[in-house]
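Scroll down for the structure; my scribbles are underneath it.
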Amino acid sequence: MAEWTGEERVEILDGSERLSHHLMSKALQECPTSGILWAKAIELEPKQGQNAKSVDALKKCENDAHVIIAVAKLFWRDGKNAKARKWFNRAVTLNPRLGDAWGAYLAFELENGTSHEQREVIRKCVDAEPNQGLDWNKIVKKVANWRAKWAVKLKRFVEEVYPQEFNAKPLNREVELLLQGEDPYAAMATAQEEAAAEKDELDVKDEAVTNCEPHLLPSLSS
C-alpha cells in the first residue's frame, strides 16, 4: 500500500465524519509525529477533551506550527487573548510559510487586537509570502487569486474561512487599505490625509454652529 502524507489523511478525515475518530486513531499510530494530524485530532475531539488532546499533541511534536495554531485557537476560544496571541506568534515564527497560520492569526487580531497589531500581522505575512496550508492553498490557488498581492490573498482567505471574525467590527482605514494591497507607507499617508480632511470638515461645522452663521446652516443639515 502506498504511504499517505498527513495532508492526504486529513482530506479523507474531512470527508468521513462518521469514522473520523477511528481513522484518526489509525493514522496517528502510523504517523505519530505528524503535526497536521495532531492538529486535526484536537479539532475532532469533543470540547471537554480538547485541552487534554492538545497536551498529548505537544508531547509528540511541540515545535510543529500546525499543533501550535491548534493550541492558540483553544486559548482564543477560552478568551485568553494574551496567551492566544503568544501562541499565534510562535506558530508563524516556527513556520512563516504556513498560510493557514497567518490567516488564523489575522482573524484573531481583527476580533481582539488593535489596529497596530493587525497591521503587524499583515506586514509580516506579506514579507513571509506563505505558500503552505491545506485551507490556504485551496483559496489562493483559485484562478481569480493567482495574480493577487499577498495582502489581498490574506484578506480573501480570512473572508472565506473566518467570515464572522472578519466582519466583527469595522476595519481601521489603514488596515483596510493594506488588505487592498496598498503599499504600507502609502496606506498610512492616505489614512492620515483622510482623517485630517474629516477633522477639518467637522471643525468647520462646529464653528458654523457656534457662530450661527446663517449662510452656512442650510449646508449643515444636508
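Every number here is computed from the coordinates shown, using simple stated rules; none is lab data. Not measured: the values here are computed from a predicted model. Cβ sites come from the backbone with ideal geometry, for glycine too, and all protein chains shown count toward neighbours.
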### Task
Once you have a ≥ b ≥ c as the square roots of the Cα gyration tensor eigenvalues for the stretch 19-93, tell me rounded if a/c is under 1.5, and otherwise prolate or oblate according to whether a/b is larger than b/c.
oblate
#### Entry: Those GluC sites (Glu not before Pro) in the stretch 21-70 that DSSP places in a loop and that have at most 12 other beta carbons within 10 Å
Glu62
### Message
Taking 0.36 nm per residue of sequence separation and subtracting the Cα-Cα distance, how much length would be gained by fully extending the chain between Asp127 and Ala197, in nm to one decimal?
### Response
22.0 nm
### Long pairs among Lys73/Lys124; Lys60/Lys169; Lys40/Lys138, criterion Cα-Cα beyond 26 Å
Lys60/Lys169
